[in-house]
Amino acid sequence: MRNVRVLIPSIGHPTRPSLVEAVRGDGERAVTVVGADMDGGGIGPFVADEFVQVPGRSDPGYIDRVLEICREQRIDVYYALGEEEAIGSAERIDEFRSAGVGVITPGRPDMLRISSNKARYHEFFREKGIPAAGFRAITSLGEVESGLREMGFPDIDVFLKPTVSKGGRGARLVTAREGASVAPDVRAAGVPIHSLEETLQELERTTGQSFPEMIAMEYLPGTYYSVDVLSRDGEVLYAVPKIRVRGTASNTTVGQVDMNRDVIALAEQACGAFGFSFLQNYEMKLDRNGEPRIYDINPRGGTSLILCSAAGANIAYFAVKMALGEDVPHAEIKDRVRMLRHYREFFDAPGDPTHRD
């Protein structure tokens, strides 16, 4: 079996060491990981076998630089992490194919734009008959209070967040209640909890004339699930739901596989509607009736793909095989496997052969 070279962006992210471990597979071939990051002074050069510096994802020449790296570094597979990269690489997929590069990106640009916008995919789900949380799209400061009240505020708590955001940035729970008993899971995740008055004052102060489209969504009080999916043309090959035992809004420190059939079924419905292939991640919580509802979609595997591998299905490496045109193996998933995530240090000292000036 031939050896391969895989390009992984944002290699300086704290969870990339585990992703690199998963991508290297089970030893059936040598996998050289070329890591790319805009920060040359971070952990990236330690994590990858080879390192290249790139501009930020928002740079108009970003995909041009990625294609250049693919050609220069003889890349076989590019894992397009993040919304911008997933969309940008999908728009120029023919150029990657012409360079002999398989791209791990879930689908067509139009579907990716819908899935990356919380208001648009909720509307999409409604059109397709897929169960979803109650929501209202909000396009101006003047619509905030009425939108919250349409959702049932002040009798129920409502999440308010930008329609396009990452890692819970800009999200807040709006409540009329007081005390530590209000949404303890939200407090534990570090998400702000504000009154209506505090919310309006902050938005007036921070948004000015450039109000970002937001979504008001019913607060989902139940168990959190992060569901990693590997699929082909909307058909789910693997779905691995994991509960967050402990962590923040963007990072699980203690997680556990929980093969909840209802959660898997909802992920299958969403994947089929989008027609997705390769890796994607659905973040869900159970509503007041114990039914799962999707509240965020990531066009990539989650940051704990290594837990899927520990449970028996290394879908990060399986995605590499898919991108190479190889068959995806069958693997049994072990339920209730637990992950404990802790820090790892890298060291750089003057006089070391690997020292970076």
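The values are calculated or read from the model by the stated rules, or taken from the named source; none is laboratory data. Computed from a predicted model, the values in this text were never measured in an experiment. Virtual Cβ from ideal backbone geometry, glycine too; neighbours counted across all protein chains shown.
What number of residues within the range 10-21 are closer than 18 Å to P55 by Cα and either over 14 Å from the mean Cα position of the chain (by Cα) or surrounded by fewer than 17 Cβ atoms within 10 Å (Cβ to Cβ) (or both)? Walk me through it before giving the result.
Let us first name the residues in the range 10-21 that are closer than 18 Å to P55 by Cα, namely 10-13.
With the extra rule that they be either over 14 Å from the mean Cα position of the chain (by Cα) or surrounded by fewer than 17 Cβ atoms within 10 Å (Cβ to Cβ) (or both), the set shrinks to 11-12.
So the answer is 2.
Any chance you could count how many residues in the range 4-28 are among the charged types (D, E, K, R) and part of a helix (DSSP H, G or I)? Show your work before the answer.
The first filter runs over the range 4-28 and keeps only residues among the charged types (D, E, K, R), leaving 5, 16, 21, 24, 26, 28.
From what's left, part of a helix (DSSP H, G or I): 16, 21.
Looking only at that region, the number is 2.
Considering only residues that are among the basic types (K, R), outside any strand (DSSP E or B) and under 23 Å from S116 (Cα atoms), which ones fall in the range 147-197?
The answer is K166, R169.
Give the number of residues within the range 131-146 that are part of a loop (DSSP other than H, G, I, E, B) and surrounded by 15 or more Cβ atoms within 10 Å (Cβ to Cβ).
We begin by selecting, within the range 131-146, every residue part of a loop (DSSP other than H, G, I, E, B); these are 131-134, 139-140.
Adding the requirement that they be surrounded by 15 or more Cβ atoms within 10 Å (Cβ to Cβ) leaves 131-134.
Selection size over the range 131-146: 4.
When the residues of the range 216-268 are narrowed to those that are among the polar types (S, T, N, Q) and more than 15 Å from the chain's Cα centre (by Cα), which ends up surrounded by the most Cβ atoms within 10 Å (Cβ to Cβ)? Steps first, answer last, please.
Going residue by residue through the range 216-268, those that are among the polar types (S, T, N, Q) are 223, 226, 231, 248, 250-253, 256, 260.
Right, trim to more than 15 Å from the chain's Cα centre (by Cα) and you get 223, 231, 253, 256, 260.
Details: T223: 17, S231: 26, T253: 14, Q256: 18, N260: 18.
In this case the residue turns out to be S231.
Only one of L200, L160 is within 20 Å of the chain's Cα centre (by Cα), over 26 Å from K242 (Cβ atoms) and either without any contact (Cβ under 8 Å) to a residue 60 or more places away in the chain or surrounded by fewer than 20 Cβ atoms within 10 Å (Cβ to Cβ) (or both); which?
Details: L200 fails: within 20 Å of the chain's Cα centre (by Cα).
When all the criteria are applied, what remains is L160.
Within the range 85-107, does at least one residue satisfy the condition of being farther than 19 Å from A316 by Cα, assigned to a helix (DSSP H, G or I), touching a residue at least 40 places away in the same chain (Cβ under 8 Å) and touching a strand residue (DSSP E or B) at 6+ places or on another chain (Cβ under 8 Å)?
Looking through the range 85-107, none of the residues is farther than 19 Å from A316 by Cα, assigned to a helix (DSSP H, G or I), touching a residue at least 40 places away in the same chain (Cβ under 8 Å) and touching a strand residue (DSSP E or B) at 6+ places or on another chain (Cβ under 8 Å).
Scan the range 25-41 and tell me whether some residue there is crowded, with 22+ Cβ neighbours inside 10 Å, within 15 Å of K321 (Cβ to Cβ) and in contact (Cβ under 8 Å) with a residue 60 or more places away in the chain.
Checked the range 25-41: no residue is crowded, with 22+ Cβ neighbours inside 10 Å, within 15 Å of K321 (Cβ to Cβ) and in contact (Cβ under 8 Å) with a residue 60 or more places away in the chain.
Which one of G208, G168, G129 is within 23 Å of F274 (Cβ to Cβ), at pLDDT below 90 and of a type outside the set (S, T, N, Q)?
Numbers: G208 fails: within 23 Å of F274 (Cβ to Cβ); G129 fails: at pLDDT below 90.
Testing whether each residue is within 23 Å of F274 (Cβ to Cβ), at pLDDT below 90 and of a type outside the set (S, T, N, Q) leaves just G168.
Every residue, every condition in (1) over 23 Å from the mean Cα position of the chain (by Cα); (2) of a type in the set (S, T, Y); (3) in the same structural domain as G35 (by TED's automatic domain parsing); (4) surrounded by 16 or more Cβ atoms within 10 Å (Cβ to Cβ), yes or no:
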| residue | (1), (2), (3), (4) |
| --- | --- |
| G56 | no, no, yes, no |
| P60 | no, no, yes, no |
| C70 | yes, no, yes, yes |
| V77 | no, no, yes, yes |
| L81 | no, no, yes, yes |
| A90 | no, no, yes, yes |
| D94 | yes, no, yes, no |
| S98 | yes, yes, yes, no |
| G129 | yes, no, no, no |
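Among the residues of the range 315-341, which ones are part of a loop (DSSP other than H, G, I, E, B) and either touching a Cys at 6+ places or on another chain (Cβ under 7 Å) or without any contact (Cβ under 8 Å) to a residue 60 or more places away in the chain (or both)?
Step one: list which residues in the range 315-341 are part of a loop (DSSP other than H, G, I, E, B), which gives 324-337, 341.
Residues satisfying the conditions are E326, D327, P329, H330, E332.
Considering only residues that are over 19 Å from L112 (Cα atoms), in a strand (DSSP E or B) and among the β-branched types (V, I, T), which ones fall in the range 203-245?
Matches in the range 203-245: V240, I243, V245.
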